[in-house]
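Just so you know, all these numbers are worked out from the coordinates, no wet-lab data involved. The model shown is predicted, which means the values in this text are computed figures rather than measured ones. Cβ: placed from backbone, ideal geometry, glycine included. Neighbour counts: every protein chain shown.
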Amino acid sequence: MLLAAMLAGCATTPTTGTGGGYGSSSSSSSSMPSGEPRQQPVDARADLQGSPALALLDRAEGARNQGNMSAAGRYLERALNMEPDSSWVYRQLARLRLEEGDAHSAEGLALRALRLAPYNPGYQAELWELVATARERQGDEEGARDARKRAQELRRGTA
Amino acid sequence: MAKKAKRAAPRRRKKKASARRWISGRFLAKVLAVGLVAMAAGLIYLDALVQERFDSHVWQLPARVYARPVELYPGRVLSRADMLKMLELMRYRQAPGAPTPGSYSVNGNQLIIHTRGFRDSDGGEPSQRLNLRLGGGEITALQAGQGGSLARLEPMQIGSIHPGHSEDRVYVPLDRVPPLMVKMLLATEDQDFYEHHGVSLRGLARAMVANIKAGRLVQGGSTLTQQLVKNFWLTQDRTLLRKLVELPMAVLLELHYSKDQILEAYINEVYLGQDGSRSIHGMGLGAQFYFGRPLEELEPHQLATLVGLLKGPSWYDPRRRPERSLKRRNTVLQVARQQGALSEEELHRFSKRGLEVVPRGESPLYAFPAFIDLVRRQLARDYPPEVLGVDGLRIHSTLDVLAQLAAEKALRDHLESKDPGGKNHLNGAVVVVAPTQGDVLAVVSNRRSREHGFNRALDAVRPIGSLVKPAVVLAALEQPKKYSLATIVNDEPLSVPLRNNEPWQPKNFDNKSLGPMPIHDVLVRSRNQALARLGMDVGLNKVAETLKTLGVQRDISLYPSILLGSLGLTPFEVAMMYQPLATGGFSTPLRSITDVLDKDGQPIARYPITTEEVLPQEPVFVLQQAMQDVVDQGTGRGVRAKLPASVKVAGKTGTSDNFRDAWFAGFSANHLAVVWVGRDDNSPAGVSGSSGAVPVWAQLMASLPQRSLSQKPPAGVEWVWMDPSGTLVSGEGCDGARRYPMLPASIPEEADRCGSRGGDKKKGVLQWFKGWFD
C-alpha cells in the first residue's frame, strides 16, 4: 500500500498551488510592511531562528529539487524531531506530501502548521490555500471552498 | 533362542546360492554399469544441489532492525552520563584521539567520537570524527567532519527478524574481514587451502594418524571447503556416508567457485555457538554475540578467540569455559606468530589480554523483544514473509534507546519495591510515544524486560478504569453551551436500571459521596458517581463516539459501566487513545518504523508522518488544563515527588474493580507514556493507579528531557472567573469564585453581583479580614 502511494507520488506532477509571498525556498526572506508590529514575519529563518534544523531544511529543499522526495521527507522529519512546534516545518512537510500525491496527509499537516502558526494573516492565508488544494485533490469541494474563503478573509484583513 | 536358530538356517543356504552368481562376470559388468550410471546421476544431483544452495544461501539474510540514530547538534538535551552510556551500549572503545571508527576519547566535558557511518534514505552519514562539548545537560558545541554542526551516530542494531527459521547472520564481505583473521583461520584450520581442490590428502593423512593414535575419531582432517559443505548441506554427525557425500561435494564446490568465494561463504556460514534457540552462524554475528562489536573492530586476541571456537563451539565456549577458551586462543595466537602474522611483541601483548567477552544478554542486540515484536507485526502487515526473509532488509525503527532503558528501569525499580522478587506475580507494561510524530519510542512488556513471551504492552486487554474519564469529560465539553469545567455535577449514589440485570449502582473508591462539585473536580479527584451522572446526562452514544474519535477501534458496548472504564484496551491502544489529547486534537498513527532499506542501503519504503485533525483544539485545551490539575492536585499528584512542578504535564490515573489493574496515562509536550501494572491471571493485585502506576510514570518521565505543555490558550479559549454555581460569571476575589478555561459558548451572559462590578480584589482582602475577626 505504501509502495503504491509512493509510486502514485512519483506519477503526480509537482505543483506549487500555494501562492502567497512565502516562496518555496527556506532561504527566502519576507519583508513585512513596517508599522505592523504585532504581525510576526514567518519564514524558515524567523520560525527556526538559530536552530540546527535550518540546515536540514536546506538539505530537504536540495533533495526535493533533485526529485528525491524520500530523502526530502526524511530531512524534514528530522527537522521536526528537533523543532516539533515549528509551523514552518509542518508547512514544508505538507507541501512535500502534496507534491508526492498524498493529499490527505498534506491536509492534516497544513492544518497542524496553521495550529502552530504565529500571528501573520498572509502566512495563515497561504496555509489555508494549501489546505484548500489538498481538499480539492481529495474531491472535497465544499471543504476546499471553506478553506479558500478563510484565506480570502485573512487576505482582506491584511489588505 | 531356539526359534531364531531354526530361521537362520534357510537364510544361510540362500546366501550360498547367491554367492555363486556374484562371481559371474556379466553380472559384475551390469552392476558396474548400473553403479556408474547411479554415480553419475548422484553427481549431477549433488552438483545441482551444491550450486543451488550456494547461490541462494549466501543471500539469505534476515531483516535487521535498528534503533533511531542518535542525532547530535548544539542545544540538544543530552547529559554527559547519557552520552557515555550510549557510546558504551554501542561498544565504542575508549582510545586516545579516537583513531578508528567505533572509538572515542573523553577529556572532561570534551569528547572526540569517531563514528562508524551508515546509509539512510537521506544518504546517511559518513564515518567521521566529531568534536563534541557537553555542559549543563546539553550539547554546547559540535564540530563535524566538513565543518558542519549536525551529525548522527549510526543507528544501533537492536534485533533481526526471520520469517520462519531461527538462524541469524551478520554478513561480512571478504574485503571487510580483518586479514589477520583470514591468516589465523588458514593457519589453524586448513594450511593448504589455496593449493588443494577441495580435499587435502595431506590433511586426511594427518587426521588418520591422529585417529589411529587415539583409537577413535578425533580429527576430521577436513578442508575449509569440506567444513563448508558440512555446514551447508549435511548434518553434524561423523558418519561414513556423510563423509562419502562430502568429498565429491567439496570437489564440485571447488569446480564452480573461486577460493575467495568459498572462503567468504565459510566465514559467514560457520557455526559458532548457540543462544537459546538461536544458532550463531558466521564470524560477523559471532563478533556481535561474543564481543558486542562489528568484526572489523575486533582486536587480534578477540579474533583468535573466534577462530579458536571453530574446533568446538561449546567445548571452547568463552563464557562457560573461559579457561579452556583462553588456552585455545593463545594456541591460535602462537600459530599466527609461527606463520608470521603477528610479531613476537604482539604475541606477548595479546596473550596477556583477558577474553573480554561481553556478558551474555548485555548486548543491545535482542535486548528489546517487546519492541521488536511490534516492528515485526507492523512489517508483517505490510510485507509478505518471503520478502522479509530473502532481502536482508535494513529496518530503521523509532526506538529511542535511552527512553527504552528508562522505561525498563522505572518499571523494574517500582515492581521490585512493591513485590520483591516477583513472588506476588505483579507485572506490568509501559509504552512511550512521541505524541506529535506518533513515533513509538519504547515498549516494555515485562518487569524482566529481556524475557520473551506474553507481550503485555500489545496483547494484555485490560479494563481501563478511570482512564476513560477524560473521554467522558471531553464528550461533555464538546457541547460547550451545556457544559464547561465549572458545571456542577452531583457526586451522589445513582441507580441505572438495566434490562435483564440488576440495576447499575456505581460506588466511589472511598465509598463516600461528596455531593455537588464542578466537572473539573470530578476529573481531578476521579469521582465515580459524579462522573457516572455526567456520562448518563451526556449520553452513552456520545461518549462512545468520542472514544472512537480518539482512536478506539474495539467494539464499545453501550452499557453504563463503560463510563467507569469497563472497556478493555491494551496499553498500546491506550497510548493511541491519549495521543489526540496530547496533541490538541490531531490523530497520528503510531509507527515503529520510519524507513526500510535494502541490504545495500537503498531506500525501499518510507513510513511518513501522517496526521489528521480529529477534534477541535478548544475543548482539548480545556480538558488538558484539568488533566494537568490531576497531576498537580489530584490522584496523580504522586508524580510531583519526582517531576518538578515547573514541568507542565497532564495525565489520568486508572484503577479497575478490586484493584486488579493500575494505570497511569499522561503526557508532556514531547512524551506520552502509558503504564499498566497488574497480574496476568487478572486476580486482584492490590494496586491503584496512584500507588501502582504513577511512581513508574514519574520516574520514567523524570529521567527523560521534557518540554512543558503549552499554557497559552488558543484563540477561542479564555480564562474566566466563575461563581460556585457554575452558571454565572464572577470576578477575581469574589466569594468562592474560581477561574476556568472556557469556550465562548460556555461563558454565561450574566454575572453575579460581585462579578458584574468586575470582581473585587480589595473586597476579597476585606472579606478575608472580616472573616478573621468574625
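Can you list residues from other chains, or at least 5 along the same chain, whose modelled amide H is less than 5 Å from the amide H of residue B:120?
Hits under the 5 Å cutoff: B:125.
In whole angstrom, and with the biggest value first, how far do the Cα coordinates of segment B:69-154 range along each principal axis?
Result for segment B:69-154: principal-axis Cα extents of 33, 26, 23 Å.
Using only C-alpha positions, report the orientation-averaged shadow area of the convex hull of chain B, nm², one decimal.
Numbers: hull surface 204.0 nm².
Convex hull of Cα atoms, orientation-averaged projection: 51.0 nm².
For the pairs A:149/B:712; B:599/B:648; B:469/B:712, note any where the Cα-Cα span goes beyond 32 Å. Write down the numbers at each step before the final one.
Working: A:149/B:712 27 Å; B:599/B:648 44 Å; B:469/B:712 24 Å.
In this structure, B:599/B:648 lie more than 32 Å apart at Cα.
Sum -39500 (n - 2.57) across every DSSP H segment of at least 4 residues in the protein assembly as shown, then divide by the residue count to get the 222 nm mean residue ellipticity, nearest 500.
Numbers: 33 runs with 408 residues, N = 933.
About -13500 deg cm²/dmol.
Nearest-5 percent of antiparallel DSSP beta bridges in chain B? It would help to have the intermediate numbers written out before the result.
Details: 75 of 85 bridges.
Beta bridges within chain B, antiparallel portion: roughly 90 percent.
Would you kindly compute the Cα radius of gyration of segment B:569-707 and its largest Cα-Cα separation (Dmax), both in Å?
When restricted to the Cα atoms of segment B:569-707, Rg and Dmax are 17.1, 55 Å.
If you look at just the Cα atoms of segment B:463-625, how large are its Rg and its Dmax in Å?
That works out to 18.7, 67 Å for Rg and Dmax.
Whole number please: convex hull volume per residue of the Cα set in the protein assembly as shown, in Å³? Could you put the intermediate results ahead of the total?
Details: hull volume 255.4 nm³, N = 933.
About 274 Å³ per residue, rounded to a whole number.
Treating the angle as unsigned and between 0 and 90°, give the value, to the nearest 10°, between the Cα long axis of helix B:571-582 and the longest Cα principal axis of chain B.
50 degrees
How do the peptides A:123-135, B:634-646, B:499-511 rank, highest first, by the average count of neighbouring beta carbon atoms within 10 Å per residue?
Values: A:123-135: 25.7, B:634-646: 17.1, B:499-511: 10.9.
Those peptides, ordered most packed to least, come out A:123-135, B:634-646, B:499-511.
Could you size up the charge dipole of segment B:551-700 around its Cα centre, putting +1 on the beta carbon of Lys and Arg and -1 on that of Asp and Glu, and report it in debye to the nearest 20? All intermediate terms of the calculation are to be shown ahead of the outcome.
Details: 11 positive and 14 negative charges, 91 e Å.
With Lys and Arg at +1 and Asp and Glu at -1, about 440 debye.
Using the 10 angstrom Cβ neighbour count as an exposure proxy, how do B:195, B:125, B:138 rank, fewest first? Spell out each step's value before the answer.
Numbers: B:195 10, B:125 21, B:138 15.
In order of increasing Cβ crowding within 10 Å: B:195, B:138, B:125.
Please find the FRET efficiency linking residue B:255 to residue B:34, where r is the Cβ-Cβ separation and R0 is fixed at 25 Å, and quote it to the nearest 0.05.
With R0 = 25 Å, the Cβ-Cβ based efficiency is 0.50.
Report, by chain and number, residues whose modeled amide H sits under 5 Å from the one on residue B:161, excluding near sequence neighbours (fewer than 5 apart, same chain).
B:63, B:64, B:65
What is the order of B:371, B:350, fewest Cβ neighbours within 10 Å to most? It would help to have the intermediate numbers written out before the result.
Working: B:371 29, B:350 20.
Fewest-to-most Cβ neighbours within 10 Å comes out as B:350, B:371.
For peptide A:111-118, compute the average count of partner chain beta-carbon atoms within 10 Å of each residue's beta-carbon. Before the final figure, lay out each step's value.
Details: counts 6, 10, 0, 1, 7, 3, 0, 0.
The shielding value for this peptide is 3.
Would you mind giving the mean number of other chain beta-carbons within 10 Å of the Cβ of each residue in A:72-85, as a whole number?
Rounded to a whole number, the mean comes out at 5.
In whole Å, how far is the Cα centre of segment B:400-474 from that of segment B:110-136?
Between the Cα centres of segment B:400-474 and segment B:110-136 lies a distance of 32 Å.
For segment A:41-158, what does the alpha-carbon gyration tensor say about shape, rounded, prolate or oblate, given a ≥ b ≥ c as the root eigenvalues, a/c under 1.5 as rounded, and a/b over b/c as prolate? All intermediate terms of the calculation are to be shown ahead of the outcome.
Details: a/c = 2.37, a/b = 1.31, b/c = 1.80.
Oblate.
Among the DSSP beta bridges whose two residues both lie in the protein assembly as shown, what percent are antiparallel, rounded to the nearest 5?
Numbers: 75 of 85 bridges.
Bridges in the protein assembly as shown that DSSP calls antiparallel: roughly 90 percent.
Let a ≥ b ≥ c be the square roots of the eigenvalues of the Cα gyration tensor of segment B:251-346; is it rounded (a/c under 1.5), or, if not, prolate (a/b larger than b/c) or oblate?
Values: a/c = 1.77, a/b = 1.13, b/c = 1.56.
Oblate.
Residue by residue through segment B:295-300, which ³J(HN,Hα) values in whole Hz follow from phi under the Karplus form 6.51 cos²θ - 1.76 cosθ + 1.60 (θ = phi - 60°), with glycine and proline marked x?
3, 4, 9, 6, 8, x
Counting other Cβ atoms within 10 Å, which GluC sites (Glu not before Pro) in segment B:411-478 have at most 14 and lie in a DSSP loop? Before the final figure, lay out each step's value.
Numbers: sites: B:416, B:451, B:478; in loops: B:451, B:478.
Of the GluC sites (Glu not before Pro), the ones in loops of segment B:411-478 whose Cβ has at most 14 other Cβ atoms within 10 Å are B:451.
Let a ≥ b ≥ c be the square roots of the eigenvalues of the Cα gyration tensor of segment B:166-352; is it rounded (a/c under 1.5), or, if not, prolate (a/b larger than b/c) or oblate? Please list the in-between numbers first.
Details: a/c = 1.39, a/b = 1.28, b/c = 1.09.
Because its axes are fairly even, with a/c under 1.5, segment B:166-352 counts as rounded.
Taking a cut-off of 19 Å between Cα atoms, list the aspartates and glutamates near residue B:311, but don't count ones fewer than 8 places away on the same chain.
Those aspartates and glutamates meeting the cut-off are B:189, B:190, B:192, B:237, B:246, B:264, B:269, B:275, B:323.
Which whole-Hz ³J(HN,Hα) couplings does segment B:34-51 yield from phi under the Karplus relation 6.51 cos²θ - 1.76 cosθ + 1.60, θ = phi - 60°, glycine and proline marked x?
For segment B:34-51, the Karplus curve yields 4, x, 5, 4, 4, 5, 4, 4, x, 5, 4, 4, 4, 4, 4, 4, 4, 5 Hz.
Apply the Karplus parameterisation 6.51 cos²θ - 1.76 cosθ + 1.60, with θ equal to phi minus 60°, to every residue of segment A:125-130 and state each ³J(HN,Hα) to the nearest whole Hz, in sequence, with x for glycine and proline.
Computed from phi, the couplings for segment A:125-130 are 4, 4, 5, 5, 5, 4 Hz.
Quick query: amide H of residue B:93 versus all other amide H atoms, modeled in the peptide plane; which residues come in under 5 Å with a sequence gap of 5 or more or a different chain?
Here B:103, B:104 satisfy the definition.
For the residue pair residue B:81 and residue B:554, what label-to-label distance in nm results when each label sits 7 Å from Cα along the Cα-to-beta-carbon direction?
3.8 nm
Using a 10 Å cut-off around each Cβ of peptide B:605-617, what is the average number of partner chain Cβ atoms that fall inside?
Mean inter-chain Cβ contacts per residue within 10 Å come to 6.
Treating only the Cα positions of segment B:361-520 as identical point scatterers, give the base-10 log of I(q)/I(0) from the Debye formula at each q in 0.10, 0.20 Å⁻¹.
Listed by q, the Debye log ratios stand at -0.63, -1.25.
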